[in-house]
Amino acid sequence: MNGTGRRGVVVVTVSDGVSRGVREDASGRAVAELLEGAGFDVKRRDVVPDERAQIEGLLRTLADEAVALVVTTGGTGLGPRDVTPEATRAVIDREAPGLAEEMRAAGRGSTPLAALSRGIAGTRGSTLIVNVPGSERGATESLSAILPALPHALDLLAGQTVHGPEDGNAHEHHGEEVVVATAIKVEGNPPCRVGQKMLLGRDGPLGGTLGCAEFDDSAVADAPAILDAGSPQTRTYTHDLGSIEVFLEPVLPRPQLIVFSATPVAVHLLHWAGEAGFDPVLVEPRNERVTAQHRTGARIVASVEQVKIAEDSAAIHTDHDAPGVAESVALLLRSPARFIGVMGSARHVGPHIEKLRGMGFGDEVLGRIRTPVGIDIGARSAEEIALSILAGVVADRHDAAGGWLDRR
């Protein structure tokens, strides 16, 4: 997480039943666990009844205490006592409609009732306030949809608005190739200083500036060639008042590691994938199986059809008993994916292979499937199995055979 240390969060459950002690606070607990798993520091959980004045008062108090993030759960529907959005709107200075739209869009993927949620998001001072639904599933689903954006939003609210290579990493994570242009030398008195930065895409500028339109236009013109070369280069740009030397560094998308099914092995694959240079994605239509650990550091989708599979993508099935294994492997076989693996013995995976044969896949194409998958390290536990699989994926990425270095 960006910034200094973990961001403080307070979770507020808005519910008459929970406040009276006649209903369990399942959604508040689930939200807190999800945030903790994502690296936030949940300071406490508060409960307030569905009373607008009390909700407004608590939100103002938390903002005055400079709590970085307040997540409310409950009171966002169409019921006569659902007043959390009204209370929030009365407190905030500015709305952040994109966050609310993203949450509702994520919910519609699993239920049309998500469209009934009236939750909003906005800021009061340096505090971001987000409303999520009161059901455990709706709350975690909505919050998961915006988790990747929250660290940057909180950095901006905290005054950390300098754009640089970190922005390049953000675009890299979402699969966009970018160039970070940094002024490294200045001669004369041009409208630019050493260290000034600009973020560029293949089709134009994305953020920042090198100080003037002439310098910016020159960097924009050079960006496609830098991306095509795939290596950093320097350029000199001139101005009536002087010249600058600019270091142009391409930041290319990381290869995806697409992990199927929310299993214990998947937890470790998703966690280590990012550290090994992959962009991890979890494919799991069964939302009830997804834990806070799965959500940490990985994008979650319900179908592999929501993933853009590239030539450097790797895909691993971690549950041979999951529904639709053969169908999703068939989609992978029709894709340019570099690596396709399915966990399980020949006895368990064999029926899927036969089903794929029935779909018309021949031996040569089926030979792309790695099963059992991973390098033989005698793995037994979920952690060891994940390590074995990831080692195999890394070896494949580098066209290496694997094995002991001292026995070659």
Would you work out if region 256-406 is rounded, prolate or oblate? Take a ≥ b ≥ c from the square roots of the eigenvalues of the alpha-carbon gyration tensor; rounded if a/c is under 1.5, else prolate when a/b is larger than b/c, oblate otherwise. rounded
Applied in sequence order to region 217-233, the curve 6.51 cos²θ - 1.76 cosθ + 1.60 (Karplus, θ = phi - 60°) yields integer Hz couplings, x standing for Gly and Pro, of 5, 5, 5, 4, 5, 7, 4, x, 5, 5, 5, 5, 6, x, 9, x, 9
Can you tell me how the chain classifies by the Cα gyration tensor, rounded, prolate or oblate, using a/c under 1.5 as the rounded cut? oblate
Enter the Cα centre distance for the pair region 90-155 and region 258-307, rounded to the nearest angstrom. 21
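Please report the relative contact order for region 8-157, taking Cα pairs under 8 Å with a sequence separation of at least 6, and give it as a percent rounded to a whole number. List each step's numbers first, then the result.
Working: 300 pairs, mean separation 40.6, N = 150.
Once normalised by length, the contact order is 27 percent.
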Antiparallel %, DSSP beta bridges [both residues in the chain], to 5: 50
Quick one: of the DSSP bridges fully inside region 218-309, what percent are antiparallel, nearest 5? 45
In order through region 298-313: 3J(HN,Hα) via Karplus (6.51 cos²θ - 1.76 cosθ + 1.60), integer Hz, x for Gly, Pro: 9, 7, 10, 10, 8, 9, 5, 5, 8, 10, 8, 8, 10, 5, 9, 6
Near the amide H of residue 316, under 5 Å away, which other amide H atoms are found, from residues 5 or more places off or on another chain, if H is placed in the peptide plane? 258, 259, 260, 341
Report the extension gain between residue 94 and residue 64 in nm, rounded to one decimal, defined as 0.36 nm multiplied by the number of residues separating them, less their alpha carbon distance. 9.2 nm
If amide H atoms are built 1.01 Å from N in the plane of the peptide, which residues on other chains or at least 5 residues away come under 5 Å of the amide H of residue 251? 178, 179, 180
Peptides 262-270, 361-369: what's the order by average Cβ count within 10 Å, highest mean first? 262-270, 361-369
Kindly write out, for region 358-367 in residue order, the coupling ³J(HN,Hα) from the Karplus curve 6.51 cos²θ - 1.76 cosθ + 1.60 (θ = phi - 60°), rounded to whole Hz, with x marking Gly and Pro. x, 7, x, 7, x, 4, 4, 5, 5, x
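Rounded, prolate or oblate: which fits region 8-157, taking a ≥ b ≥ c as square roots of the Cα gyration tensor eigenvalues, rounded meaning a/c under 1.5, else prolate when a/b beats b/c? Before the final figure, lay out each step's value.
Working: a/c = 1.24, a/b = 1.06, b/c = 1.17.
Rounded shape, in that the Cα axes give a/c under 1.5.
Which peptide among 6-12, 43-49, 205-211 comes first, and what is the full order, when sorted by highest mean count of other Cβ atoms within 10 Å? Show your work: numbers first, answer last.
On the way: 6-12: 22.4, 43-49: 16.9, 205-211: 18.7.
Packing proxy ranking, top to bottom: 6-12, 205-211, 43-49.
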Nonlocal amide H pairs with residue 12, under 5 Å, H built at 1.01 Å: 46, 71, 72, 73
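Hey, what did the chain get for relative contact order, percent, Cα under 8 Å, at least 6 apart?
On the way: 794 pairs, mean separation 41.9, N = 408.
Reported as a whole number, the value is 10 percent.
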Out of all DSSP beta bridges in region 1-135, what portion is antiparallel? Express it as a percent rounded to 5. 25
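Evaluate the relative contact order of region 165-251 (contact order divided by residue number), counting alpha-carbon pairs under 8 angstrom at least 6 apart; express in whole percent.
On the way: 185 pairs, mean separation 30.2, N = 87.
Taking the mean separation of contacting Cα pairs over the length of region 165-251, I get 35 percent.
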Per DSSP H run of n ≥ 4, the term is -39500 (n - 2.57); total these for the chain, divide by its residue number, and report the mean residue ellipticity at 222 nm rounded to 500 deg cm²/dmol. -11000 deg cm²/dmol
In straight Cα distance, which aspartates and glutamates are under 19 Å from residue 43, not counting same-chain residues fewer than 8 positions off? 25, 33, 64, 65, 155
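Bear in mind these aren't lab numbers, they're just calculated from the coordinates by the rules spelled out. Please read these numbers as outputs of a predicted model, since none were measured by experiment. Note that we place each Cβ from the backbone using ideal geometry, even for glycine, and neighbour counts take in every protein chain shown.
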